[in-house]
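Each remark here refers to the structure printed beneath this line.
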Amino acid sequence: MRIWLIFVALLLPSFLLAGPVRAVATSTFVADLVRSVGGEDVEVVGLIPHGVDPHMFKPTIADVNHLMRADVVFFNGLGLEGRMADVLRRLERRGTRAVAVAESIPTEYLLQDEDNPNQADPHIWFDPRLWARAVDSVVRVLSELDASNAEHFTARGEALSASYESLHEWAAASLAKIPPERRILITSHDAFQYFGRAYDLEVIGVQGISTVGEAGLSDITRIVDRVRGQSIPAVFVETSVSSAAVRRISQDSGVRIGGSLYSDSTGTPGEVLHSPTGMRYDPSTYTGAFRHNVLTIVDALGL
Ligand SMILES: [Zn+2]
């Protein structure tokens, strides 16, 4: 009987035997993207926990086991996961497919890291129109790995891109309410340059594009000098980066902390937040985290 079962199994198409594609995604934003495209057809393991800084993240042995078992590893790229570079290179050498979703975006849309001229700024998810372009690479790769579900991946990808376009339009309309003299976003690290370009805000990060180097006293003094005597109503901390430097700026300048932004990590699953107008959103998703940021910034910088 058992021999017959094995024989029948050998005749089945391989996708029926193999089960869903096993994907590992690095940052919480990338994991949300892959889950949204993959739906029930893809098993997604999110590697970097919620609230943990991807610039600093080093995989544990358990993480490496997940990576080795994966059919595909999705990561942001453009240097975001700087401390995973070796592991990703080794995975590729042993034949695991590793896909940098941000590196599919044409270079003319990318901003450069001013401190490292050869390095692009990896924080592309803060322009939803760019994040919609990252959707395409996930759809393409999942469809190659599981052609039987390609239609599902394409349909979900199209719906997702359309929802990111709506999110962009809502954000643009909301942020337009901030008066010109208050359009300055000061945060813990330089994650919001794409956001600033998309919505016409000047952006100042106390630390650079990466959080690997700590903010120095000169960075803090420079920003305190800039903030004093201007009509900047608030500065912002971030959920995945130390708030010490921004708190110091707030104390030294007398400018209040306007709230906590999701920069390189989404919120914790299970939490549901409400906007002042009654909008419900889940900050563990890309869309919810982005909405939270926009609402927090408008609330603190608007009139
Ligand atoms: Zn960052």
**OP:** Report the residue, chosen from 191, 289, 147, that carries the largest GNM mean-square fluctuation when the chain is represented by alpha-carbon nodes joined by springs under 10 Å.
**Re:** 147
**OP:** Enter the angle in degrees (range 0 to 90, nearest 10) between the Cα long axis of helix 128-145 and the first principal axis of the Cα atoms of the chain, meaning the one along which they spread out most.
**Re:** 10
Original post:
To the nearest 10 degrees, how steep is helix 2-11 against the longest Cα principal axis of the chain, on a 0 to 90 scale?
Top reply: 60
Original post:
Once Rh is set to the Kirkwood radius over Cα pairs, what Stokes-Einstein translational diffusion coefficient, in µm²/s, holds for the chain at a temperature of 4 °C and a viscosity of 1.567 mPa s?
Top reply: 63
Subject >> the chain: most fluctuating residue of 278, 157, 51 per GNM, C-alpha cutoff 10 Å >> reply: 278
Subject >> Selected from 206, 272, 34 as most flexible by GNM, with the chain as the system and alpha-carbon contacts under 10 Å >> reply: 272
Original post:
Does anyone have the angle between helix 217-227 and the longest principal axis of the chain? Alpha-carbon axes, 0 to 90°, nearest 10?
Top reply: 60
**OP:** Determine the gain in length on full extension of the stretch residue 43-residue 299; use 0.36 nm per residue of separation and subtract their C-alpha separation, reporting nm with one decimal.
**Re:** 88.4 nm
Original post:
222 nm [θ] for the chain, helices only, -39500 (n - 2.57) per DSSP H run of 4+, per residue, to 500?
Top reply: -13500 deg cm²/dmol
**OP:** Using a Förster distance of 35 angstrom, determine the FRET efficiency expected from the C-beta separation of residue 275 and residue 56, and round it to 0.05.
**Re:** 0.70
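A short reminder: the numbers here are calculations on the coordinates, not readings from a lab. As the structure is a computational prediction, the values presented were derived from the model and not from experiment. Using ideal geometry, Cβ is built from the backbone for each residue, glycine included, and neighbour counts are taken over all protein chains shown.
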